[in-house]
Amino acid sequence: MEAYLDNSATTRVLPCVKDLMVEVMEVEYGNPSSLHKKGVEAEAQVRLARERIAKTLKVAEKNIYFTSGGTESNNMALIGAAMANRRAGMHLITSSVEHASVRQPMRFLEEQGFSVTYLPVDQMGKIRLDALEDAIREDTILISVMYVNNEMGAVEPVEEIAQMIKRKKPDILFHVDAIQAYGKYEIRPKRQGIDLLSVSGHKIHGPKGIGFLYVGDSVKIKPIVFGGGQQKDLRSGTENVPGIAGLGLAAQEMYRDHQEKVERLYRLKEALVDGVASLDGTVVNGLTGRDSAPHIVSVSFEGVRSEVLLHALEEKGIYVSSGSACSSNHPSVSSTLKSIGVARDLLDSTIRFSFGMETVMDEITYTVDTLRQLLPMLRRYRRG
């Protein structure tokens, strides 16, 4: 049997998404900037995708800009907004558990003279609102917080942060990295007070190499990619029409019968958490109920290195992650696990399990049974 439980790293493309992308590559293959029929056909696919995505967020189509993925969306939001608003101030705020595609742009902005405050989180991985409020200064122009943590599934208090910003300093821009949240939560940027929102296609059963950035009506932002002036000069480059079409359809499919899909994910999560809790020497990190993300479980296994367990599971056809897959080629101790206070001897013994729309209960049962067999053997091997 095979159990793919690394859906936070990437998901398999839905068959209908694959079919649409093939059709676009074979039939509507024109450049969407061309004025002839083939260009018009391609532009229609871009327009349809934008319309589909805008409907899921209840925003205007003009607020959606296509990018090469979540990393570019985050870079575009942070660097573009900071540079466009630097006259109003040079102070930015984020958390200590952000993804590298937020941390690294923040480091870059520090090199450009900006000041960045990195907020600590509690043991559940959540930002403390009082600490955030205390960090806001007269020259603060941007706050960036992830909606769902990619390593442990902590859900940040996005709406409360937005309300606090509006109360304390309404002109601060609020960016939300929703790469692990989009498709799992009903997100309404206008109602929730979100100015900039980043999303990636391959986390929602769409293709890799495509994403989008929501930019609110009154948000000033500078481009970070220059060229032919596509997408109203904000993101130049010939649009990836097959990717855009696939992303639009994947977004639509994720929000079809949405609540049923989310409930099913929570049932899978509850089954895994209960199963893992029955094993000796396991610690589930963070919250595990309905106040956590439905698709991510972080578990530390005493006495077993995560890389060893990952490959032992792989040999049994079970695919998991030892942290954020984006940094898996550069092994280091997780800043998220350190931030929430995971014991030193467990930092290198943590596995992330993550589910998608195709995950079934049999995969969870098989995984728990396999862990029950593997763990005693791996622990004996380490002691020896």
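Some observations on this one:
- Single residue of the range 280-299 satisfying the filter (surrounded by fewer than 21 Cβ atoms within 10 Å (Cβ to Cβ) and of a type in the set (G, A, S)) that is nearest to M124 (Cα to Cα): G289
- Pairs with Cβ under 7 Å, 6+ apart, first in the range 7-27 and touching a residue at least 24 places away in the same chain (Cβ under 8 Å), second in a loop (DSSP other than H, G, I, E, B) and loosely packed, with under 14 Cβ neighbours inside 10 Å: R12/E358
- Number of the condition not met by R235 [criteria: (1) under 22 Å from P207 (Cα atoms); (2) modelled with pLDDT under 95; (3) among the basic types (K, R)]: (2)
- Listed conditions (1) under 25 Å from the mean Cα position of the chain (by Cα); (2) open to solvent by 20 Å² or more (accessible area, probe 1.4 Å); (3) among the aliphatic types (A, V, I, L, M) are all met by A277, apart from (1).
- Scan the range 318-368 for residues that are loosely packed, with under 14 Cβ neighbours inside 10 Å, at pLDDT 95 or above and assigned to a loop (DSSP other than H, G, I, E, B) and the total you get is 2.
- The residue pairs whose first member lies in the range 174-198 and is among the basic types (K, R), whose second member is assigned to a loop (DSSP other than H, G, I, E, B) and modelled with pLDDT of 95 or more, and whose beta carbons are closer than 8 Å, counting only pairs six or more residues apart or on different chains, are K184/A293; K184/P294; K184/H295; R188/K58; K190/K58; K190/V59; K190/G216; R191/K58.
- Tallying residues that are on the phi > 0 side of the Ramachandran plot and without any contact (Cβ under 8 Å) to a residue 40 or more places away in the chain within the range 106-139 yields 1.
- The residues listed here are P207, P170, P157; of these, the one that is under 18 Å from G246 (Cα atoms) and either without any contact (Cβ under 8 Å) to a residue 40 or more places away in the chain or over 14 Å from the mean Cα position of the chain (by Cα) (or both) is P207.
- Checked against the criterion of being open to solvent by 20 Å² or more (accessible area, probe 1.4 Å) and modelled with pLDDT under 95, the range 152-162 contains not a single residue that satisfies it.
- Selection of first residues in the range 229-257 that are under 16 Å from S68 (Cα atoms) and of second residues that are aromatic (F, W, Y) and assigned to a loop (DSSP other than H, G, I, E, B), restricted to Cβ pairs under 8 Å at least 6 apart or on distinct chains, gives the following pairs, ordered by first then second residue: S236/F226; V241/Y29.
- Flag for R47 being open to solvent by 10 Å² or more (accessible area, probe 1.4 Å), basic (K, R) and either on the phi > 0 side of the Ramachandran plot or assigned to a helix (DSSP H, G or I) (or both): yes
- As a summary of the residue check, E151 satisfies the conditions (1) touching a Ser or Thr at 6+ places or on another chain (Cβ under 9 Å); (2) within 28 Å of A88 (Cα to Cα); (3) not hydrophobic (A, V, I, L, M, F, W, C) except for the one numbered (2).
- Residues that are closer than 22 Å to S73 by Cβ, open to solvent by 30 Å² or more (accessible area, probe 1.4 Å) and in a loop (DSSP other than H, G, I, E, B), drawn from the range 100-148: Q112
- For the range 1-17, a residue qualifies if it is within 15 Å of Q252 (Cβ to Cβ) and either open to solvent by 60 Å² or more (accessible area, probe 1.4 Å) or touching a strand residue (DSSP E or B) at 6+ places or on another chain (Cβ under 7 Å) (or both), and exactly one does: P15.
- A250 vs. criteria of a type in the set (G, A, S) and touching a His at 6+ places or on another chain (Cβ under 8 Å): yes
- Of all positions in the range 249-257, none carries a residue that is open to solvent by 70 Å² or more (accessible area, probe 1.4 Å), under 23 Å from the mean Cα position of the chain (by Cα) and closer than 30 Å to L375 by Cβ.
- The listed residue being within 30 Å of Q45 (Cβ to Cβ) and open to solvent by 10 Å² or more (accessible area, probe 1.4 Å), out of E307, E260, E302: E260
- Residues that are part of a helix (DSSP H, G or I) and open to solvent by 30 Å² or more (accessible area, probe 1.4 Å), drawn from the range 22-43: V22, E23, M25, E26, K37, K38, V40, E41, E43
The values are calculated or read from the model by the stated rules, or taken from the named source; none is laboratory data. Model, not experiment: these values are computed from the prediction. Because the Cβ atoms are built from the backbone with ideal geometry, glycine has one as well, and the counts that use them run over all protein chains shown. The area values use the complete protein model at the heavy-atom level, side chains included, leaving out ligands, DNA and RNA. Shrake-Rupley method; radii C 1.70, N 1.55, O 1.52, S 1.80 Å.
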